[in-house]
Amino acid sequence: MIIKSADPRVEREQIVAEETFSGLKAMDFWQTYEVFHQEKRGEQHQHVGSVHAPDAEMAILFAKEQYARRGQTANIWVVKSADVVATEYEDTDIFETTPDKFHRDPGSYKVMDRINAYKERIKEETGA
Amino acid sequence: MNFEQKHIDALKELLYKMADDQLIIGHRNSEWTGLGPVLEEDIAFSSMAQDKIGQAYQLYSILNELGESDPDTVAFTRNAEQFHCCELVTLPIGGFDFSLVRHFYFDNAELLRFESLAQSTFDPLAMLAKKYKGEIKYHVMHANTWIKQLANGNEESKAKMQNAINNTFADALGIFEKGPYEDVLIEIGFFMGEDALKKQWYDKIKTFVESVGLSIPALDSATPNLGGRAGKHSAYLQPMLTEMTEVYAIDPSADW
């Protein structure tokens with residue numbers, strides 16, 4: 001088995017020097033952008049869908065209309081769909097997990113007892 | 001503040017021309033629904049058209065408080081010569097190039113008009129101007145982004161933008177047509193006046209248009225398309241109004 005380095009400084013990408021450019025076909029420059037919507041500042045951005053647009057600036061405009069027209073919005077992100085790196089569906093089994101790992105189960109921790117005891121103590125001390 | 005009759009009349013002149021502009025451009029832009037160049041833009045144009053109708057409704061409501069009829073009656077029962085909108089907004093939608101440039105000219109003027117009105121000595125108008133600040137800011141962002149996009153597209157899109165900018169300029173200058181109460185409006189501080197607005201508008205759009213590699217005609221190179229504010233409209237407005245009021249006319253007392 002030959003092991004290849006994943007380091008781009010070691011394994012250089014082979015780029016063809018001169019790609020023949022046959023010109024853009026109509027609408028070729030339009031791409032899809034994934035849209036992330038934030039309802040209030042400080043909250044997480046949630047993925048809400050995608051828009052079709054020629055560039056990021058236009059994608060923001062369209063995202064505003066498609067996903068922020070109704071309801072509260074603090075902020076919007078758009079990201080080229082092509083820039084999203086995803087797992088393969090054939091690898092979905094990597095997310096399967098066997099149940100015999102009690103040590104990973106949060107139920108194993110007895111921390112709540114200590115938190116409740118601490119709260120009780122503070123309550124007594126401050127008389128709140 | 002207690003106003004004299006001339007102040008009330010001046011206020012009505014201002015509110016009518018603004019509300020009529022918004023109602024008519026809102027209706028015109030709604031004609032793009034289902035015909036927009038791409039689905040996303042179709043929705044955007046229709047959504048902004050609804051914003052305009054909403055703004056018109058609020059202005060007609062202020063007029064109602066000043067003694068005019070209710071908003072529906074005012075919007076749906078007048079003839080073309082009773083409308084005080086500028087000619088620019090009455091024109092048919094034409095191609096997307098024209099509609100986009102009209103939207104650009106009009107909303108850049110609207111943004112500055114509302115910014116000025118936020119300082120108005122007539123409180124209801126100042127409050128309304130602040131309420132719609134974000135909405136109109138977005139309308140300008142939308143128009144400017146599209147103009148920039150098409151100015152940097154290809155030779156065809158750039159030429160279409162430049163032609164539309166040149167050909168629509170005289171109509172756009174009609175936005176700033178003054179009415180008989182112009183001096184009263186300025187004197188009492190309701191509004192900074194059309195001349196001041198025109199200057200601000202021209203400086204702003206000139207800077208923007210040149211920044212995207214297009215040019216704007218000289219201010220004195222075109223004869224403004226006037227008459228709209230006095231109810232003198234081209235043949236385009238009445239057929240549009242007839243269509244707009246078609247359903248209302250069947251049964252004006254119907255509940256929606």
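What number does segment B:1-105 give for Rg over Rh if you use C-alpha atoms and the Kirkwood radius?
My calculation puts Rg/Rh at 1.05.
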Quiz item: For A:Trp30 and A:Ile115, FRET efficiency with R0 = 35 Å and r from the beta-carbon atoms, rounded to 0.05?
Solution: 0.05
Quiz item: Hey, what number do you get for chain B at 222 nm if only DSSP H runs of n ≥ 4 count, each worth -39500 (n - 2.57), divided across all residues, to the nearest 500?
Solution: -21500 deg cm²/dmol
Self-check item: 17 Å Cα-Cα reach of B:Lys232 towards lysines, excluding residues that sit fewer than 8 places from it in its own chain
Solution: B:Lys17, B:Lys178
Quiz prompt | Set of aspartates and glutamates with alpha-carbon distance to B:Lys130 below 14 Å, sequence-local pairs under 8 removed | solution = B:Glu110, B:Glu115
Practice problem: Just give me a number: lysine pairs in segment A:48-128, eight or more positions apart or cross-chain, with C-alpha atoms less than 24 Å apart. | Solution: 4
Practice problem: First measure r as the distance between the Cβ atoms of B:Leu66 and B:Ser234, then evaluate 1/(1 + (r/R0)^6) with R0 = 35 Å and state the FRET efficiency to the nearest 0.05. | Solution: 0.75
Quiz item: If you take the square roots of the eigenvalues of the alpha-carbon gyration tensor of segment A:26-128 and sort them as a ≥ b ≥ c, do you get rounded (a/c under 1.5), prolate (a/b over b/c) or oblate?
Solution: oblate
Self-check item: Cβ charges +1 (Lys, Arg) and -1 (Asp, Glu), total dipole of segment A:62-128, debye
Solution: 620
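Which order results if B:Arg28, A:Arg121 are arranged by neighbouring Cβ count within 10 Å, fewest first?
A:Arg121, B:Arg28
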Quiz item: With each label point set 7 Å from Cα along the Cα-Cβ vector, what nm distance links A:Ser5 and A:His103?
Solution: 3.6
Quiz item: Under unit Cβ charges (Lys, Arg +1; Asp, Glu -1), what dipole magnitude, rounded to 20 debye, does the protein assembly as shown have relative to its Cα centre?
Solution: 900
Quiz item: Between segment B:142-218 and segment B:1-60, what's the alpha-carbon centroid distance in Å?
Solution: 18
Practice problem: Using a Gaussian network model of chain B whose springs link C-alpha atoms within less than 10 Å, name the residue from B:Ser221, B:Ser46, B:Ser30 with the highest mean-square fluctuation. | Solution: B:Ser221
Quiz item: Farthest toward the dipole's positive end in the protein assembly as shown, which of B:Ala235, B:Val38, A:Thr87, given Cβ charges of +1 (Lys, Arg) and -1 (Asp, Glu) about the Cα centre?
Solution: A:Thr87
Practice problem: Note down the nm distance, to one decimal, between modelled labels 7 Å out along Cα→Cβ at B:Met141 and at A:Gln44. | Solution: 2.5
Quiz prompt | Dipole in debye (nearest 20) - segment B:1-143, about Cα centre, beta carbon charges: Lys, Arg +1; Asp, Glu -1 | solution = 260
Self-check item: Full-stretch length increase - B:Leu226, B:Glu210 - with 0.36 nm per residue and alpha-carbon distance subtracted
Solution: 3.1 nm
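Throughout, read-outs are computed from the coordinates displayed, never taken from laboratory work. Being a predicted model, the structure only gives us computed values, none of them experimental. With ideal geometry, Cβ positions are generated from the backbone for all residues, glycine too; neighbour counts draw on all protein chains shown.
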